[in-house]
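Input: a single structure, listed below in structure tokens.
The values are calculated or read from the model by the stated rules, or taken from the named source; none is laboratory data. Since we're looking at a predicted model, the values are computed, not measured. Here Cβ is always computed from backbone atoms with ideal geometry, including for glycine, and neighbour counts include all displayed protein chains. Remember, those area values only see protein heavy atoms, side chains included, never the ligands or the DNA or RNA. Shrake-Rupley method; radii C 1.70, N 1.55, O 1.52, S 1.80 Å.
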Amino acid sequence: MDFKGSDTVPGPRAEDQLPQTTTAAAKIVIVGGFGVGKTTMVGSVSEIKPLTTEETMTQAGIGVDDDFGSDTKTATTVAMDFGRIRITDKVVLYLFGTPGQERFWFLWNGLFEGALGAVVLVDTRRLEVSYEVMGRLEEGGVPFVVAVNTFPDGPRYPLDDLRAALDLPPDVPIVECDARRRASSRDVLMTLMRFLHTLSLRGSLT
Amino acid sequence: MTPPQRRRRQPLPLPPPAPAPPAESPADRGKQPDRLYTITGPDGERAPLDLVTLIVACADPPSSATPEQTVVLRMCAAPLSVAEVSAYLGLPFTVVTVLLTEMLAAELVQARAPIVRQKLPDRSLLEAVMHGLQRL
Ligand SMILES: Nc1nc2c(ncn2[C@@H]2O[C@H](COP(=O)(O)OP(=O)(O)O)[C@@H](O)[C@H]2O)c(=O)[nH]1
Ligand SMILES: [Mg+2]
């Protein structure tokens, strides 16, 4: 690392600093296939310029061809975009945009652990890329809502048809969104919060 | 045109097992940064360092601080999540947790445990989040 000179010291801008009273952070995960709009959604609701954290996976974690011999280890870097919303003087919310492909599951232990819930972003051009992640969330007891990003070149299905195709339980919300619009992305997060609230009133997460 | 059909799954009776550690030769074992560090949450429970654990500097950088530690201490004058520290340093999450664990042990920084999902979501928290989102 080379952090010489005080003008190049990395860190948040003064206006992006959290108040000292901030006691705890919660997180929500936005998960979906490549190009579905995760980065766009994080960026449209975040109060800070979205940041990127990365993690390194070894070959074994990726689960791809390991015919290179066990001595060769390729490390792959996986990046996650995230943003932040201040909720109160004490609480701050983080949103992580996470690839939904199988080869990234290695990292998920830490990520979904403790997340309040998830938004599964789906794209009608490639619905099935999100099916495995939905199954994993169900198995892990992570509550989620489905947001359908509508791309101009994608097929349009009525939401009821999509609900049936995705085999969603009747109470799991499915909504359309435009991740580029802050209000639309915010509504998706509100839908997730209302869903969690309903689960809480009902007295169970499942 | 009909969309492809999925089949819903049931929650697993037990929490999903930790993923198998990457295959490694015994010689590599000592080098792997293990996530064995813990911090103490408000309820006294010990929890691992999370992406959204908040880090706060305890004091000005002591003269013994390494350059990296000095950068982290400046950065964490106000609370900052581990994910943000990783992003600003441009270092992988795991590397940053190792650095922060040392700093926690040396009492250079404090950690504030994250809010984690409960079996029953905390309704007042959800209401606060909804309120916060409405202001966006
Ligand atoms: N029409 C439309 N385009 C979108 C929407 N969300 C994202 N995009 C575009 O889709 C592309 C990929 O989005 P990105 O957020 O990078 O996807 P990611 O790979 O999931 O992070 C970008 O060019 C976006 O501008 C949406 O809701 N509607
Ligand atoms: Mg992206």
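Across segment A:22-202, C-alpha contacts under 8 Å between residues 6 or more apart give a mean separation that, scaled by the residue count, equals a relative contact order of 26 percent. The order of A:138, B:84, A:15, B:102 by accessible area, most exposed first and with a 1.4 Å probe, is A:15, B:102, A:138, B:84.
With a simple spin-label model that places each label point 7 Å from the Cα along the Cα-to-Cβ direction, the separation between residue A:13 and residue A:160 comes to 4.8 nm. In the full protein context, segment A:22-202 carries 39 Å² of accessible surface per residue, based on a 1.4 Å probe and ignoring ligands, DNA and RNA. Counting only protein heavy atoms, what percent of the accessible surface of segment B:37-114 is carbon or sulfur at a 1.4 Å probe? Result for segment B:37-114: 52 percent of the exposed heavy-atom area is carbon or sulfur.
Give the calculated FRET efficiency between residue A:88 and residue A:176 to the nearest 0.05, with a Förster radius of 41 Å applied to their Cβ-Cβ distance. Computed FRET efficiency for residue A:88 and residue A:176 comes out at 0.85. Taking the average, over residues, of other Cβ atoms within 10 Å as the packing measure, peptides A:128-136, A:26-34, A:167-175 rank A:26-34, A:128-136, A:167-175 from highest down. Ranked by the mean number of other Cβ atoms within 10 Å per residue, highest first, peptides B:72-82, A:77-87 order as B:72-82, A:77-87. Couplings for segment A:161-174, taken from phi via the Karplus curve 6.51 cos²θ - 1.76 cosθ + 1.60 with θ = phi - 60°, read 5, 5, 4, 5, 5, 7, 6, 7, x, x, 8, 7, x, 10 Hz in order; Gly and Pro are left as x. Enumerate the residues in segment A:159-173 having an amide nitrogen under 20 Å from the point lying 7 Å beyond the Cα of residue B:7 toward its Cβ. Within reach of a label on residue B:7, which here means backbone N under 20 Å from a point 7 Å along Cα→Cβ, segment A:159-173 contributes A:162-170. Here segment A:22-202 exposes an accessible surface that is 51 percent carbon and sulfur, computed with a 1.4 Å probe and the other protein chains kept in place.
Counting only protein chain heavy atoms and rolling a 1.4 Å probe, the accessible areas of B:63, A:46 rank, largest first, as B:63, A:46.
For the segment A:126-134, counting C-beta atoms of other chains within 10 Å of every residue's C-beta and taking the mean gives 2.
A loss of 50 Å² or more of accessible area (1.4 Å probe, protein heavy atoms, ligands and nucleic acids excluded) relative to the isolated chain is seen in these residues of segment B:101-136: B:112, B:115, B:117, B:120, B:121, B:123, B:126, B:129, B:130, B:133, B:136. Summing both sides, the accessible surface hidden between B and A at a 1.4 Å probe radius is close to 6700 Å².
Label residue B:106 and residue A:49 with points 7 Å out from Cα along Cα→Cβ: what is the distance between them in nm? For residue B:106 paired with residue A:49, the spin-label model returns 3.0 nm. Sequentially through segment B:114-123, phi angles give Karplus couplings (6.51, -1.76, 1.60; θ = phi - 60°) of x, 7, 10, 4, 9, 4, 10, x, 6, 5 Hz, Gly and Pro residues having no value and appearing as x. For residue A:167 and residue B:122, the FRET efficiency from 1/(1 + (r/R0)^6), where r spans their Cβ atoms and R0 equals 35 Å, is about 0.75. Accessible surface for segment B:37-114, divided over its residues, is 40 Å² per residue with a 1.4 Å probe.
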